[in-house]
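The structure under discussion appears below in the form of structure tokens.
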Amino acid sequence: MTPTAPASAPADTSVLSLRSISKTFGAVAALTDVDLDVAPGQVVAVVGDNGAGKSTLVKVLAGVHAPTSGTITFEQRTVTIDDPATAHDLGIATVFQDLALCENLNVIENLFLGREINALRLDDVAMEVRSWELLRQLSAKIPTVRIPVASLSGGQRQTVAIARSLIGDPRVIILDEPTAALGVAQTAEVLNLVERLRERGLGVIMISHNMEDVRAVADKVAVLRLGRNNGVFDVQDVSSEEIIAAITGATDNAVSQRASRRQGATTTHEGAPS
Ligand SMILES: Nc1ncnc2c1ncn2[C@@H]1O[C@H](COP(=O)(O)OP(=O)(O)OP(=O)(O)O)[C@@H](O)[C@H]1O
Ligand SMILES: [Mg+2]
């Protein structure tokens with residue numbers, strides 16, 4: 001990446017700050033001047049419509065794509081994330097949407113794939129102990145670690161993928177649509193897990209399409225629209241309708257009109273004698 005002067009100084013409470021990050025693919029501007037901050041123990045949801053640039057942002061942080069311009073500050077140092085190994089070594093873990101688990105391997109094998117303890121003589125016992133430790137930290141509901149991942153539920157797979165990303169002891173974890181394919185109970189399980197990550201002091205960036213999930217766990221929500229920032233909100237101070245209006249770029253579209261009609265109705269009720 002080409003370092004440029006930051007648009008504004010990174011907040012010194014941040015573990016990770018992006019300033020003015022742009023990424024073009026030929027003529028396509030996937031990201032333009034994007035700023036983002038995440039603090040330790042904070043969950044930042046990144047939301048936006050299809051093609052808003054969410055996955056591109058994830059890939060920039062994961063070392064998959066080099067940004068065309070902009071500055072990334074990690075733990076108060078300006079960094080260049082050239083490749084996934086650099087992201088991992090810095091302490092930025094990414095759980096991609098497809099999870100990249102091996103269906104036919106069991107939980108332990110998936111957790112330690114490519115980094116088996118004592119690579120020459122696989123230390124089964126040590127890996128099993130460490131696996132349970134990791135899963136316990138996440139209060140994960142996995143019945144046995146010797147079961148092929150293929151036979152786990154979607155929520156359990158997400159758990160395994162998150163546990164695997166914790167092995168390098170990261171400071172920041174990025175989850176791309178962690179609840180997209182999950183039912184109600186499994187979604188709740190994964191959202192609990194996100195809370196465990198926050199309790200452990202990690203900075204969490206969660207890509208999501210689901211307003212309920214965002215409201216349930218995020219502290220802040222950052223909206224991307226057409227590759228640009230379109231608002232950062234404290235979740236407590238913002239309605240789902242306002243977030244959706246920022247996502248669609250319409251302050252007066254059908255959704256917000258419905259919202260304001262409802263608010264109007266509520267006001268009338270509250271004003272009426274009870
Ligand atoms: N490797 C690539 N080559 C060319 N264009 C790309 C590439 N990756 C992404 N884009 C373009 O960049 C823009 C942002 O895409 P991105 O995948 O980041 O969006 P997204 O917010 O993740 O969308 P979705 O919700 O559909 O996953 C889109 O216009 C997309 O077509
Ligand atoms: Mg995407």
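The values are calculated or read from the model by the stated rules, or taken from the named source; none is laboratory data. Small disclaimer: the values here were computed from a predicted structure and weren't measured. Glycine also receives a Cβ, built like all others from the backbone with ideal geometry; neighbour counts cover every protein chain displayed.
Would segment 170-185 turn up any residue that is in contact (Cβ under 8 Å) with a residue 12 or more places away in the chain and over 30 Å from ASP37 (Cβ atoms)? Can you show your working first?
Taking segment 170-185 as the starting set, the residues that turn out to be in contact (Cβ under 8 Å) with a residue 12 or more places away in the chain are 170-183, 185.
In the following step, the residues that additionally are over 30 Å from ASP37 (Cβ atoms) were identified as 183, 185.
The answer is yes, given that some residue of segment 170-185 is in contact (Cβ under 8 Å) with a residue 12 or more places away in the chain and over 30 Å from ASP37 (Cβ atoms).
Looking at segment 76-95, can you tell me whether even one residue there is more than 21 Å from the chain's Cα centre (by Cα) and over 21 Å from SER14 (Cβ atoms)?
No: segment 76-95 contains no residue that is more than 21 Å from the chain's Cα centre (by Cα) and over 21 Å from SER14 (Cβ atoms).
Looking only at segment 71-91, decide whether some residue is surrounded by 23 or more Cβ atoms within 10 Å (Cβ to Cβ), within 16 Å of ligand 1 (Cβ to nearest atom) and not basic (Lys, Arg).
No, because not a single residue in segment 71-91 is surrounded by 23 or more Cβ atoms within 10 Å (Cβ to Cβ), within 16 Å of ligand 1 (Cβ to nearest atom) and not basic (Lys, Arg).
Taking interchain pairs and intrachain pairs at least six residues apart, which have beta carbon atoms under 7 angstrom, with the first residue in segment 41-54 and within 20 Å of SER22 (Cβ to Cβ) and near ligand 1 (Cβ under 7 Å from one of its atoms) and the second part of a loop (DSSP other than H, G, I, E, B) and among the small types (Gly, Ala, Ser)?
Taking only residues 6 or more apart or on different chains, the pairs are ALA52/GLY227; GLY53/GLY227.
Looking only at residues in segment 49-66 that are more than 9 Å from ligand 2 (Cβ to nearest atom) and surrounded by fewer than 19 Cβ atoms within 10 Å (Cβ to Cβ), which one is farthest from the chain's Cα centre (by Cα)?
Step by step, filter segment 49-66, then rank; the result is ALA66.
So that you can scan it fast, the table gives a plain yes or no per residue for (1) surrounded by fewer than 18 Cβ atoms within 10 Å (Cβ to Cβ); (2) within 16 Å of the chain's Cα centre (by Cα); (3) farther than 17 Å from VAL58 by Cα:
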| position | (1), (2), (3) |
| --- | --- |
| GLY155 | no, yes, yes |
| ILE162 | no, yes, no |
| THR179 | no, yes, no |
| GLN186 | no, no, yes |
| GLU195 | yes, yes, yes |
| GLU199 | yes, yes, yes |
| ASP234 | yes, no, yes |
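Could you please give the count of residues in segment 170-191 that are at pLDDT 90 or above and either out of contact with any helix residue (DSSP H, G or I) (no Cβ under 9 Å at 6 or more places or on another chain) or in a helix (DSSP H, G or I) (or both)?
Of the residues in segment 170-191, 1 are at pLDDT 90 or above and either out of contact with any helix residue (DSSP H, G or I) (no Cβ under 9 Å at 6 or more places or on another chain) or in a helix (DSSP H, G or I) (or both).
Taking the condition of being within 16 Å of ligand 1 (Cβ to nearest atom) and part of a loop (DSSP other than H, G, I, E, B), how many residues in segment 192-214 meet it?
Going through segment 192-214 one residue at a time, the tally reaches 3.
Step by step: first the residues of segment 1-53, then only those that are of a type in the set (D, E, K, R) and modelled with pLDDT under 95, then the one that is farthest from SER240 (Cα to Cα). Which residue is that? First the steps, then the outcome.
Step one: of segment 1-53, the residues of a type in the set (D, E, K, R) are 12, 19, 23, 33, 35, 37, 49.
Applying the additional criterion that residues be modelled with pLDDT under 95 yields 12, 49.
Values: ASP12: 29, ASP49: 14 Å.
In this case the residue turns out to be ASP12.
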